[in-house]
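Single-structure report; data block below.
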Amino acid sequence: MKKLVLKKMMIVLVSIFYFSPISAQVSQQQADKLDSLITKLVNQERYSDAIDTQKKRLDILKELHGETDTTYIEGLVFLGKYYARNQQLDEAIKTLRKATSLYEENISSSDGDFAYYLDNLAFYLSAAQQTEEAELIGRRALSIYEKKGKLDEHLAAILLHLAETCHENKRYQEAIQFELRSLSIIKKLMGEHSEEYINELAYLQKFYESAGEKERVDNMKERIDKLVKERNEGYVDLPKLVEFKTPEICHMHNNDALRCCAYFLTHRLSAPNMNEAAKYILNWSYSTADVHIEINEMIGQFLTNQNEMAYMIAYTAATSYYCLTQNHEWIDEEGYVRVMHTLLDFYDQNKDLSGKIDSLENYLKLRKKEKLDQQLLKDYQKLRESSKSKM
């Protein structure tokens, strides 16, 4: 009898240890599937559905990891964003209060993510006309993030949000100073002809007007008109080429590489800064360790013809852009399909300048028949097999 009981206990224990990981795996898979669905819903601006789906995902994450895990807290932050986009500011504020409280109590009260979450909360409070509290929280977010010593897009966002809140609270001179600091970062990151920079100049003009500085208002209007005119003429601010001696130097200039890739892929070959962008992309991609460019036989053929070389650069730019924005070193299946579609768009806009290329023309025909993705998946598998054989 004793042996029988022990045997049953062993069966139960084995069952527990065998089935628990599978249950957890299924739950994580469910969370991942919901995350993909949420992305589609947000892209379709179906925010109410995105909210309901995110709540289900959060229930799974809570069961898997608990409320104090960073994955769960990050999910709350995204839920807050969906509430805000759905014009449910009270719910957005409530959700961000919970997220920031959980993060501060269990993770950190001084890191960049905490500052970013505080800035989100301050932004929603300001939108809900709770501007005094928004300013206090925004100032705290700034004091935390400033200590990181990074002049990046996150600091720029915190500064411009705080500038707007100070303006609402009639602290016009502080609003102007915060806006000027934000603009200096945006200019460095994106250039003064970027849409982001020009749009923020309009806010600065508004702040000058509120402060009664008429001369600066007029000067700002002239500057905005000048920059808009130059941008419409095709003028952009690309980063200066540096000597990429090491992968570490390349890494420091990843954002600059992204700017050059975006410019190259969205302009005609006759645009004034194409050579400048091409040189930057090629020099950076040759030395970087953050992105590995893999080419197949078709892409390799572009190297043999001067007129087709631009499409090799376009392929490199599209691959680099995808990998950097997705934090991948190597192109994955989805990325390869997206990269090739980007390459074909670029070719379709420029083939009158470069001349037609048979291989790309064939791909355009497949795309018209809605058979291209199927072919690209086959091409990707060949690329993977070729890479493995070289290892």
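The values are calculated or read from the model by the stated rules, or taken from the named source; none is laboratory data. A quick note: this is a predicted structure, and the numbers were derived from the prediction, not measured. All Cβ positions, glycine included, derive from the backbone under ideal geometry; neighbour counts span all protein chains shown. Please note that ligands, DNA and RNA were not included when accessible areas were found on the heavy atoms of the full protein model with its side chains. Shrake-Rupley method; radii C 1.70, N 1.55, O 1.52, S 1.80 Å.
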Expected 222 nm ellipticity per residue - DSSP helices of 4 or more, -39500 (n - 2.57), all of the chain, to 500: -26000 deg cm²/dmol
In whole percent, what relative contact order does the chain give with Cα contacts below 8 Å and a gap of six or more residues? 7
Taking a probe of 1.4 angstrom, what is the accessible area of Tyr103 in Å², to the nearest 10? 10
Using packing as a proxy for protection, rank 211-223, 181-193 so that the peptide with the highest average count of other Cβ atoms within 10 Å comes first. 181-193, 211-223
How high is the FRET efficiency between Lys94 and Trp330 when r is their beta carbon distance and R₀ equals 45 Å, given to the nearest 0.05? 0.65
When the convex hull of its Cα atoms is projected in every direction, mean area for the stretch 280-386 (nm²): 6.7
Accessible surface of Cys166 - all protein chains present, 1.4 Å probe, nearest 10 Å²: 0
Heavy atoms of Lys356: accessible area, 1.4 Å probe, square angstrom to 10: 150
Modelled label-to-label distance, Arg216 and Ile107, 7 Å Cα→beta-carbon offset: nm? 3.7
Express the carbon and sulfur contribution to the solvent-accessible surface of the chain as a percent, rounded to the nearest whole number, probe 1.4 angstrom. 51
How far, in nm, would the chain grow between Ser27 and Asn305 when pulled straight, counting 0.36 nm per residue and subtracting the alpha carbon separation? 94.9 nm
Give the shape of the stretch 106-254 as rounded, prolate or oblate, defined through the alpha-carbon gyration tensor: a ≥ b ≥ c are the square roots of its eigenvalues, a/c under 1.5 means rounded, and otherwise the shape is prolate if a/b is larger than b/c and oblate if not. oblate
Taking a ≥ b ≥ c as the square roots of the eigenvalues of the Cα gyration tensor of the chain, is the shape rounded (a/c under 1.5), prolate (a/b larger than b/c) or oblate? oblate
For Asn169 and Glu370, what does the FRET efficiency come to when R0 = 56 Å and r is the distance between their Cβ atoms, rounded to the nearest 0.05? 0.55
Highest average packing first - 364-375, 337-348, 139-150, Cβ atoms within 10 Å: 337-348, 139-150, 364-375
Rank-order 236-249, 125-138 by packing density, defined as the average count of other C-beta atoms within 10 Å over each peptide's residues, highest first. 125-138, 236-249
At Glu385 and Lys56, where each label point lies 7 Å from the Cα along Cα→Cβ, what is the point-to-point distance in nanometres? 3.9
Summed residue charge, Cβ within 15 Å of Leu102's Cβ, Lys/Arg positive, Asp/Glu negative: -3
Per residue, in Å², the accessible surface of the chain once ligands and nucleic acids are set aside, probe 1.4 Å: 57
